[in-house]
Amino acid sequence: MLQCNKNHNEIEDFTCSWKNVLHVAESTKKYSPSMTKYQQNFWVLIQEVLKSNPHLFTNDEKIFLESFISLPDDSQRLFVRLYTRKGPWFRLSSISYPEVSDSRQAIKDLSAMGYMCSFKGVDELEENDMEQILNLLTVSELREIASMSKNGTRVTRKQDLIASVFSSYEDGVCPFLPSAILDRTEICIMISSKADSLIWRTERLFFLNGEQDLSAFLLVDLGIIKYPAYHCIISEQIFSARSDLIAYEEATEVAQLMDESLDENKSESVLRCIKIADSRMSHTEATHTSASELVTAFFSCFSASWVYSKVVFLGVSFLERERRYKDAIKLLKRLLLNFTCDGRRGNWTLRLSIDLEHMGCPNESLLVAEDGLLDPWVRAGSRMALQRRVLRLGKPPRRWKAPSFSSCIKRKIREVHIQGRPLNCEAGMKSRFYGEDGAQCGVEQLALQYYAGEGGGWQGVHTESGIWLTIFALLMWDVIFSDLPNVFHNKFQTAPLDLETDSFYPARKSLIESQLQKIYDGMAEMILITSWDLHSGNSL
């Protein structure tokens, strides 16, 4: 709903009220009164993406997505319901929603438009689908089928039954499995691959990440999550061409396969992902640099080359664990060569220096560390770690003169040793102690008790960095959520896209300096209280 500021000008009051009336009238025309909220949300998703990114879809894809709006309400509701459920297959007999009056007709309409597909006969059931459809059966149905095979089975868990039945089918012991499944499930349906891939792409373009989906709308509608208020001012496209989007999607598929392979310890698959990412990273980076010089810098994380660089760096960690330092060094050098303006260069340089030392090359390791300290993109913790390496490796006769930062790095930090009575001393277990009051506590609480007593009478709380981040957000709220182009692309963001980039400060320099001056002048407490009162409950 539109909001207007109160004033004493009657003309402005009337104008404001009239805008609200027009807005409500427009909303009424746009959405039918009978339309469910989740149906409206799905409409918003499709329409916003097609409006903002028409160049990323073919004419056929645009016609297909737009055809959804022409479907009857029952068909739209059923599709959204099934899309948000775990599939891929569903038993028609088990589909029932109070807001869908005729599920069978809805499925016919969806199938006719290419949004659904189904199988009704044994000849339509492929082996790849067999195991997935077995999950639709109940345990009693699975036991019944298992008892019909020659081998039989004694397992009772559903997944074990599925594995046993499917194994019997593959071995030829249970050739009647397709007909046995169909006798019990009857008609089964699934969302078509075309609809699934296009809606998945639409969600990615709308939310710009792989974590959020349609449930984000629901959480807002239920009041569970409240996002900050800001304006979306879009003047540049994240993906300038369809080819950029396709390349990015292909890169994310490789990244997903890499994550799965690492989790499942599939070394061959990991090495294959590294090879693919390495070969494509250099090519896409060269193309991206030459064709996109004017594109906003913080959009780089939506490029295929950036995703491939993450895969390659995961590969570096894998190779280091395998003690294949020579291969890891090659990849790190390639990363540093291809990404000259990147905040990750510090970590890459540090790892390269460490791996060179593992390979017995202390001189080259030292040179890499020294060159890294001259790199403006090497910062914070990585910079300090490289400085320590330079001091350790740069002793005579390699280096005779101590660097200027040596006194700072060698500075001794005062250590405080606290005596505690341990409750357990087992490796791999969180340490527990008896506190001063005799109650059990962790090491953090033990330290707080010390500082509250003989340590100086301090009062404290252990929250990692949570409090500092909250204070920063409250003090800088108006700066963070100020009206800047291209940093907000949807209403479901908790921060601007450039927050953790080098673009953040220059774009808001005057706002930041003004706010810091207010804090310097003693207004911090007032800013904190006001900001908390205005924005308490917002997600960050």
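Please treat every number below as a calculation from the coordinates, not as lab data. Since this is a predicted model, take the numbers as computed values, not measurements. In this analysis, Cβ positions are derived from the backbone assuming ideal geometry, glycine residues included, and neighbour counts consider all displayed protein chains.
For this structure, a couple of remarks:
- Förster radius 25 Å - calculated FRET efficiency between S240 and K86 (Cβ-Cβ, nearest 0.05): 0.10
- Per-residue extension of 0.36 nm, minus the Cα-Cα distance of L367 and M35, leaves a gain of 112.9 nm for this segment.
- Model label zone, W458; criterion: amide N under 19 Å from point 7 Å along Cα-to-beta-carbon; scope the stretch 420-442: 420, 436, 442
- Tensor-based shape of the stretch 415-462 (alpha-carbon gyration tensor, a/c under 1.5 rounded, otherwise prolate or oblate): prolate
- Over the residues of the chain, the helix contribution to mean residue ellipticity at 222 nm works out to -17500 deg cm²/dmol, using -39500 (n - 2.57) for each DSSP H run of at least 4.
- Shape category assigned to the stretch 372-507 from the gyration tensor of Cα positions, a/c cut at 1.5: oblate
- Available extension along the chain between E250 and D263 is 2.7 nm, counting 0.36 nm per residue and deducting the alpha carbon span.
- Spin-label model, I187/H231: points 7 Å from Cα along the beta carbon direction are separated by 5.2 nm.
- Estimated inter-spin distance, T494 and C117, nm [label 7 Å along Cα→Cβ]: 3.8
- Projected label distance in nm at R398 and M384, using a 7 Å step from Cα toward the beta-carbon: 2.2
- Full extension of the chain segment joining Y520 with D160 gains 123.0 nm, where the gain is 0.36 nm per residue of separation less the Cα-Cα distance.
- Excluding exposed DSSP-loop chymotrypsin sites (Phe, Trp or Tyr not before Pro) (at most 12 other C-beta within 10 Å), longest clean stretch of the chain: 1-399
- The Rg/Rh ratio for the chain, using Cα coordinates for both the radius of gyration and the Kirkwood hydrodynamic radius, is 1.02.
- Between 0 and 90 degrees, the angle of helix 73-83 with respect to the longest Cα principal axis of the chain falls at about 50 degrees.
- Those residues of the stretch 344-383 whose amide nitrogen sits under 20 Å from the label point placed on A297, 7 Å along Cα→Cβ: 344-349, 372-383
- Coarse-grained scattering of the stretch 466-535 at q = 0.20 Å⁻¹, given as base-10 log I(q)/I(0) from a Debye sum over alpha-carbon atoms: -0.90
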